[in-house]
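Please read the structure below before turning to the comments.
Throughout, read-outs are computed from the coordinates displayed, never taken from laboratory work. Keep in mind the model is a prediction, meaning the values are calculated, not measured. Ideal geometry is used to build each Cβ from the backbone, glycine not excepted, and the neighbour counts take in all protein chains shown.
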Amino acid sequence: MFLSGTILNAVAVIVGTTIGLLIGARMPERLRASLMDGLGLFVLVLSTSMAISIFNDPVAETGDALAVLGGLLLGVVVGELLHLHDRLEALGGWFQRRLARGDRPSRIAEGFVTTSIVYCVGPLTILGSLENGLRGDITLLATKSLLDGVGSIAFAAALGPGVYLSAVTILVLQGAIAGGAFLLQDVMDARTVLAITSVGGITLIGVALRLLDLRQIRVANFLPGLVFAPLLLRVGDAIRAAVQ
C-alpha cells in the first residue's frame, strides 16, 4: 500500500505527542526551555548539513547552487505574496479556538507550524514517500517515523497540543508525494532531490532560529522554493544544452 509509511509516520507523531503532553504537564518551565534549546540546536546542525549538501555532493553540477538560490528567493517572493506563514498560523489559531480554549493561541499555532515544517521538508520525506509510492518499501519512512515520534515527545512537552496537527500535514504532503510518485519517477533524479534537500535545509535553519528565539523568521513563506529550485535546475539544463 503506497500510503502505509505515511500512515505509520502520522501515528508515530500522535503517539509521541501524547506521551510528550503527559510528561510536559509535570515538567518545570526551566526544563521545557532547555528542551527547546536542545531541539533548536539539533535542528540547526541538521539543517546546516542539508543546506550545504549542494556544494559537496558529487552529483551536483556547476550552476546547481544558483538554481537553489534563485528558487529560494523566488519562493520567498511567492510565499510572501500569498502570506503562507500568516495563513498557517491563522489555521493553527482556528484549531486553537475550537480544540484548546484554555491554552494560548500562539502555542497551538507555533507547535503546528514548527513541527509541520520540521517533519515535512527533510530528504526522508521526499525519498521515503517516493520509495513507498513506487515500490511499496516503507524502510525510509519507518526510520523517519521513529525520529519524528521521539521528536514529538520533546516538541509536545515544550510547545503543547499543536504538535498533533502536524500529523495532518504529514498525511497530506507525504500522501500526495507517494500518490504522485509514478508521475514523478522521470523527474525526481538525484540532482533534483539534492536541490530540494538544500532548500529544505535553509528553511529548517529558519525554524532553528525560531526555536532558539533568535529571530522569528516567517519560515512557511520559504516553502515554495522547494518547487522552484528543481524547476530552475531544469531551465539551467535546457539553456546549457541549447548553447552547446
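For the options A51, A220, A60, a Gaussian network treatment of the chain with springs between C-alpha atoms closer than 10 Å singles out A60 as fluctuating the most. Considering only P58, L21, V78, and ranking their Cα positions along the charge dipole of segment 4-243 that arises from unit charges at the beta-carbon of Lys, Arg, Asp and Glu, the one farthest toward the positive end is L21.
Exposure proxy ranking for D64, D137, based on other Cβ atoms within 10 angstrom of each Cβ and starting from the fewest, stands as D137, D64. Ranking L44, S34, F228 by Cα position along the charge dipole of the chain, where only Lys, Arg, Asp and Glu carry charges on their C-beta atoms, puts S34 farthest toward the positive end. Charges were assigned to the Cβ only: +1 to each Lys and Arg, -1 to each Asp and Glu. The resulting dipole of the chain about its Cα centre is roughly 780 debye.
Of all complete DSSP H helices in the chain, those with a Cα span along the helix axis of 24 Å or greater and a mean Kyte-Doolittle hydropathy of 1.6 or more are 4-24, 64-82. For segment 150-202, a/c is not less than 1.5, where a ≥ b ≥ c are the root eigenvalues of the C-alpha gyration tensor, and a/b does not top b/c. That puts it in the oblate class. With a Förster radius of 25 Å applied to the C-beta separation of L134 and F55, the computed FRET efficiency comes to 0.30. When each of the peptides 194-205, 67-78 is scored by how many other beta carbons lie within 10 Å of its residues on average, the order from highest to lowest is 194-205, 67-78.
Give the residues of segment 191-209 whose amide nitrogen is closer than 15 Å to a point set 7 Å from the Cα of L81 in the direction of its Cβ. Residues passing the 15 Å test: none.
Where q = 0.16 Å⁻¹, what log10 of I(q)/I(0) comes from the Debye formula for segment 4-243, counting one point per Cα? Scattering profile of segment 4-243, log10 relative to I(0): -1.16.
By the count of other C-beta atoms within 10 Å, a proxy for reagent exposure, R87, R32, R215 are ordered fewest to most as R215, R87, R32. Summarising the label geometry, the points placed 7 Å from Cα in the beta-carbon direction at A190 and T48 lie 2.6 nm from one another.
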